[in-house]
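Presented below is the structure to which this report refers.
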Number of protein chains: 2
Amino acid sequence: MSDPVRVVLEAADMPRQWYNLNADFRRPAPPPIGPDGKPVGPEMLAPVFPMNLIEQEVSTQRWIDIPEPVQEVLRIWRPSPLQRAVRLEQALGTPARIFYKNEGVSPAGSHKPNTAIAQAYYNKVFGIQRMVTETGAGQWGSALAMSCKLMGLECKVYMVRISFDQKPFRKIMMRTWGAECVASPSTETHAGRAVLAQDPNTPGSLAIAISEAIESAVTAKDKPTRYGLGSVLNHVMLHQTIIGLETRKQFEKIGLYPDVVIGCCGGGSNFAGMSFPFVCDKIHGKNVRIVGVEPAACPSMTRGQYAYDSGDVAVMTPLLAMHTLGHTFVPAPIHAGGLRYHGMAPMVSHALREGLIEAAAIPQNECYQAAVLFAHTEGFIPAPETSHAIAQTIREAKRAKEEGKAKTVVMNWSGHGLMDLSGYQAFFDGKLSDYVLPEAEIKKSLASVAGFPKPPA
Amino acid sequence: MSDPVRVVLEAADMPRQWYNLNADFRRPAPPPIGPDGKPVGPEMLAPVFPMNLIEQEVSTQRWIDIPEPVQEVLRIWRPSPLQRAVRLEQALGTPARIFYKNEGVSPAGSHKPNTAIAQAYYNKVFGIQRMVTETGAGQWGSALAMSCKLMGLECKVYMVRISFDQKPFRKIMMRTWGAECVASPSTETHAGRAVLAQDPNTPGSLAIAISEAIESAVTAKDKPTRYGLGSVLNHVMLHQTIIGLETRKQFEKIGLYPDVVIGCCGGGSNFAGMSFPFVCDKIHGKNVRIVGVEPAACPSMTRGQYAYDSGDVAVMTPLLAMHTLGHTFVPAPIHAGGLRYHGMAPMVSHALREGLIEAAAIPQNECYQAAVLFAHTEGFIPAPETSHAIAQTIREAKRAKEEGKAKTVVMNWSGHGLMDLSGYQAFFDGKLSDYVLPEAEIKKSLASVAGFPKPPA
């Protein structure tokens, strides 16, 4: 048994396959459908994504090989360390063992490159020369910018105008990796011009940026171009499972297995990446609790409805069966920028409905308190998104103390907060609100899914 | 032989002793002296530093134990990975093997916590309750803020006014770790008030901030307070040797030994930390080249004079025998903020004089070009300081190509640039100048050391 404070794996021990939970669900998750209720065929997605990724999207194969050129790039920072937060345990006086999987060690500072590298690779081998995407807080846009440069593709990022103006350093980061970054709404697309005509001073939104990115990808004439999405879809969940697969190996190495597995949830990808290998174990009889944590201001799993809904406001995407607040939902201006999506990944939603995982919602002052305690004990400053996982971990550690149980708790520490420090300032200045979404507002935005077909009960 | 792309060590393999090069110099380095030419006794430094650190400063013991509580904190991110930059090698078409020791994985993003943690510990066990320091670019202030929090001390940082105003995120970072950050010059000290009386709109300077921090430390009445310095002094070099000791172990693990060892030089600590264990090998007969790299705009080693000089403008410190441009030297406003000191660490200067190391100076556009190539091949965005080491590494790799030799080159990758991206923007916009210091300016500032005693020839 090696020293359990920091569990490292050799580069040669990095997993060589991704794990696909769709092979193990007892009931399969409902497929995407069109507004007419009919399943969406691969050919309908072909203008948006390359066919090799569409095949992964619908695959039910349990293990999928990670291509060697993808492994080669991932090994620049992977396997990421599994660390024990001994000093946090001491500060809490808990008998629980707290572990965190440090995804902040990637060049972009979060888990996002795990799928960005894979997506750039599959686009490249399919003959695509440019990828287009949108970004809100900036984590995904940065990760795809880097990945396209490493794989030899061009990259264009539509960045929500208010972030574009408030986060100059994210722009420079993307520019350093050679990406073109455009404020959204822009005058370059039909969708953007339409919004600007109505409101020239709009701060923009993720929904508008998605529309612009998809339009830009499918209408590009000069060179083969496709769109890339950083969360929600099945192939994104798949690529992130390397996190949980490594974690399981690392626990084996020190002779432990977690009692509780925790991740924060926006679109669901970092949570899925950490938890799905453990969900697999649970399906096969292992006793483990798995908790997804969302902001109280955007509670799709804890207060939304399981329904067929669109991925964007303009209903350009197929309908996905998921926990949703309704696609017209507009989240309050909270700081955890990455956790503001109206829906939840269909695979995560299905796992929740199958009773394989639990969901929790936490208000943001508790999250920032947790983040600051983490920084004061372990040093690392967490991303605002990651703070939700830390807050839930602290809740579990306190419960273990009350129960007097030496539980093993592990969280996905999805990224560092060095590019997103203004939320900390607002927290210290007492300017963060613990906004909890009123019931009436949920009811109102959920009305937008009423006309869609219903998933099987 | 393990996979050589990324060489990791277990936490249990972290070195448990620091290496002191002062035990191995054939001629000892000249000691610090007072303006009267007499050696400075420990008691003269006692108001500024705790006695346990002063003992390390003058020690000639070869190996010094790293206290267990310091090891415990260092293990949060150490041993840091030694990585092979395969993709950079390919881009250069060089037969050289290029390795980088990734010190960017620390919570503060650079090598600085290696000594900050040790300094905070020694102050703590000596009964000190508050540490005071200055910071320019912000790397050192951040590292000490974190370290004081982890060791249970208060921390106060005088930050050069222009950085304080231009780098709000560095301030939030220090605040997150609980430190008080004050713009310098401030109205809190005699030194600060004197400067403000002359020029209320001064942007400040590192020299002024040092004066304020020392004054604040030695005059504090409310609780035991001392000053901490992030480079230049012997005990700082000592604490950083963990970098080179790990690197040597990592090369042993893969059955290699470097032909060339490279580090960037401001005050000298990251270069010393990487190189001194290899300097030791060289003294004992090993064939290895060791190169310190400084900016062409602040060339203390390549164009300065080896002389006794003061560490600050106001001549408050003892006189140190070092390569210097003269303590009245004012560096041009270049972006590599950490490499602007007029002098060089006495131990590094002595190693240079003894012919154990070489020095090179590189203009900054070449450095940023190197940094961008690194980001495009390895993903990680380097700190502006680190870019100097990368530029020299690329020079060596190109030379290896010309000579057709498969040399092994290793650089200390001292930190990431995510908190210092504005230099990249200036580079892309073509706004960086390749300022080379005019001879007349060096002559002028060197006049300030003319009246001091001379070190032995």
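The values are calculated or read from the model by the stated rules, or taken from the named source; none is laboratory data. Note that the structure is predicted; figures quoted are calculated from it, not measured. Cβ coordinates were reconstructed from backbone atoms using ideal geometry, including for glycine residues, and neighbour counts include every protein chain displayed. Side chains are part of the model used for accessible areas, which takes the heavy atoms of the whole protein and leaves out ligands, DNA and RNA. Shrake-Rupley method; radii C 1.70, N 1.55, O 1.52, S 1.80 Å.
Looking only at the stretch B:179-193, filter to residues that are more than 14 Å from every other protein chain (Cβ to nearest Cβ) and assigned to a strand (DSSP E or B); which one of those is surrounded by the most Cβ atoms within 10 Å (Cβ to Cβ)? Give the steps one after another, and end with the answer.
In the first step, residues of the stretch B:179-193 are kept if they are more than 14 Å from every other protein chain (Cβ to nearest Cβ); the result is B:182-193.
Cutting the leftovers down to assigned to a strand (DSSP E or B) gives us B:182-184.
Working: B:V182: 23, B:A183: 17, B:S184: 31.
In this case the residue turns out to be B:S184.
So how many residues does the stretch B:105-125 have that are open to solvent by 10 Å² or more (accessible area, probe 1.4 Å) and more than 9 Å from every other protein chain (Cβ to nearest Cβ)?
Adding up the residues that qualify gives 6.
Residue by residue, here is whether (1) open to solvent by 10 Å² or more (accessible area, probe 1.4 Å); (2) among the hydroxyl-bearing types (S, T, Y) holds:
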position: A:T317; (1), (2): yes, yes
position: A:P331; (1), (2): yes, no
position: A:R340; (1), (2): yes, no
position: A:G343; (1), (2): no, no
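Looking only at the stretch A:435-452, filter to residues that are outside any helix (DSSP H, G or I) and either within 16 Å of A:A375 (Cβ to Cβ) or modelled with pLDDT of 90 or more (or both); which one of those is nearest to the other protein chains (Cβ to nearest Cβ)? Spell out the reasoning first.
Restricting attention to the stretch A:435-452, the residues satisfying the condition of being outside any helix (DSSP H, G or I) are A:435-438, A:450-452.
Checking which are either within 16 Å of A:A375 (Cβ to Cβ) or modelled with pLDDT of 90 or more (or both) leaves us with A:438, A:450-452.
Working: A:P438: 32, A:A450: 44, A:G451: 45, A:F452: 41 Å.
Restricting to residues being outside any helix (DSSP H, G or I) and either within 16 Å of A:A375 (Cβ to Cβ) or modelled with pLDDT of 90 or more (or both), the top hit is A:P438.
Which of the residues belonging to the stretch A:148-178 are in contact with a Phe, Trp or Tyr (Cβ under 8 Å, 6 or more places away or on another chain) and either in a helix (DSSP H, G or I) or within 11 Å of another protein chain (Cβ to nearest Cβ) (or both)?
Those that are in contact with a Phe, Trp or Tyr (Cβ under 8 Å, 6 or more places away or on another chain) and either in a helix (DSSP H, G or I) or within 11 Å of another protein chain (Cβ to nearest Cβ) (or both): A:C148, A:K149, A:M151, A:F169, A:K171, A:I172, A:R175, A:T176.
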Quick one: what pairs do we get from the stretch B:376-400, first residue in a strand (DSSP E or B), second small (G, A, S), C-beta under 9 Å, 6+ apart or different chains?
B:P382/B:G104; B:P382/B:A370; B:P382/B:A371; B:P382/B:A375; B:P382/B:A389; B:P382/B:S414; B:P382/B:G415; B:P382/B:G417
Just one listed residue, out of A:N287, A:N234, A:N201, is open to solvent by 10 Å² or more (accessible area, probe 1.4 Å), under 20 Å from A:P32 (Cβ atoms) and of a type outside the set (S, T, Y), and it is A:N234
Looking for something of a type in the set (S, T, Y) and within 14 Å of another protein chain (Cβ to nearest Cβ) - is there at least one such residue anywhere in the stretch B:1-18?
yes
More than 28 Å from B:Y306 (Cβ to Cβ), under 19 Å from the mean Cα position of the chain (by Cα) and either surrounded by fewer than 24 Cβ atoms within 10 Å (Cβ to Cβ) or of a type in the set (A, V, I, L, M) (or both): does that describe B:V73?
no
Only residues that are closer than 23 Å to A:H342 by Cβ and aliphatic (A, V, I, L, M): list them for the stretch A:103-144, please.
A:A116, A:V132, A:A137, A:A143, A:L144
Among residues of the stretch A:209-250 being free of Cβ contacts under 8 Å to residues at least 60 places away in the same chain and in a helix (DSSP H, G or I), the residue farthest from A:T187 (Cα to Cα) is A:R248
All but one of (1) open to solvent by 10 Å² or more (accessible area, probe 1.4 Å); (2) within 11 Å of another protein chain (Cβ to nearest Cβ) hold for B:D36; which doesn't?
(2)
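Of the residues A:L206, A:L153, A:L196, A:L144, which is open to solvent by 10 Å² or more (accessible area, probe 1.4 Å), under 17 Å from the mean Cα position of the chain (by Cα) and over 26 Å from B:S110 (Cβ atoms)?
On the way: A:L153 fails: under 17 Å from the mean Cα position of the chain (by Cα); A:L196 fails: under 17 Å from the mean Cα position of the chain (by Cα); A:L144 fails: open to solvent by 10 Å² or more (accessible area, probe 1.4 Å).
Going through A:L206, A:L153, A:L196, A:L144 in turn, the sole match is A:L206.
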Is it the case that B:E252 is of a type in the set (D, E), open to solvent by 30 Å² or more (accessible area, probe 1.4 Å) and either farther than 30 Å from B:R97 by Cα or within 14 Å of another protein chain (Cβ to nearest Cβ) (or both)?
no
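Go through the stretch B:219-228 and report how many residues are open to solvent by 30 Å² or more (accessible area, probe 1.4 Å) and closer than 14 Å to B:N123 by Cβ.
4
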Name the residue, out of A:E354, A:E366, A:E358, that is at pLDDT 95 or above, within 29 Å of A:R170 (Cα to Cα) and surrounded by fewer than 21 Cβ atoms within 10 Å (Cβ to Cβ).
A:E366
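So is A:R62 more than 18 Å from the chain's Cα centre (by Cα) and either facing chain B (nearest Cβ under 9 Å) or closer than 21 Å to A:Q392 by Cα (or both) or not? Show your work before the answer.
Details: more than 18 Å from the chain's Cα centre (by Cα): yes; either facing chain B (nearest Cβ under 9 Å) or closer than 21 Å to A:Q392 by Cα (or both): no.
No; evaluated as a whole, the condition is false for this residue.
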Could you check the stretch A:422-436 and list, in sequence order, the residues that are within 22 Å of the chain's Cα centre (by Cα) and crowded, with 20+ Cβ neighbours inside 10 Å?
A:G423, A:Y424
So which of B:A400, B:A375 is out of contact with any Leu (no Cβ under 6 Å at 6 or more places or on another chain), at the interface with chain A (Cβ under 9 Å from one of its Cβ atoms) and either surrounded by fewer than 18 Cβ atoms within 10 Å (Cβ to Cβ) or farther than 17 Å from B:C265 by Cα (or both)?
B:A375
Quick check on the stretch A:296-308. Is at least one of its residues modelled with pLDDT of 95 or more, crowded, with 24+ Cβ neighbours inside 10 Å and part of a helix (DSSP H, G or I)?
yes
Of all helices (runs of 4 or more DSSP H) completely enclosed by the stretch A:12-119, which ones contain at least 2 residues that are in contact with a strand residue (DSSP E or B) (Cβ under 9 Å, 6 or more places away or on another chain) and over 17 Å from A:F276 (Cα atoms)?
A:86-92
Qualifying residue in the stretch A:324-339 (condition: in contact with a Lys or Arg (Cβ under 9 Å, 6 or more places away or on another chain), farther than 30 Å from A:Q166 by Cβ, at pLDDT 95 or above and not in a helix (DSSP H, G or I))
no
Just to be sure, is A:V7 touching a helix residue (DSSP H, G or I) at 6+ places or on another chain (Cβ under 8 Å), buried (at least 22 other Cβ atoms within 10 Å of the Cβ) and not assigned by TED's automatic domain parsing to the domain that holds A:R248?
yes
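Return a yes/no flag: does the stretch B:388-397 have any residue that is out of contact with any Leu (no Cβ under 6 Å at 6 or more places or on another chain), over 25 Å from B:F278 (Cα atoms) and surrounded by fewer than 22 Cβ atoms within 10 Å (Cβ to Cβ). Before you say what the answer is, go through the steps one by one.
Filtering the stretch B:388-397 down to residues out of contact with any Leu (no Cβ under 6 Å at 6 or more places or on another chain) leaves B:388-396.
Subsequent filtering for residues that are over 25 Å from B:F278 (Cα atoms) retains none.
Looking through the stretch B:388-397, none of the residues is out of contact with any Leu (no Cβ under 6 Å at 6 or more places or on another chain), over 25 Å from B:F278 (Cα atoms) and surrounded by fewer than 22 Cβ atoms within 10 Å (Cβ to Cβ).
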Picked from the stretch A:76-104 (must be within 11 Å of chain B (Cβ to nearest Cβ) and of a type in the set (V, I, T)), the residue least open to solvent (accessible area, probe 1.4 Å) is A:I76
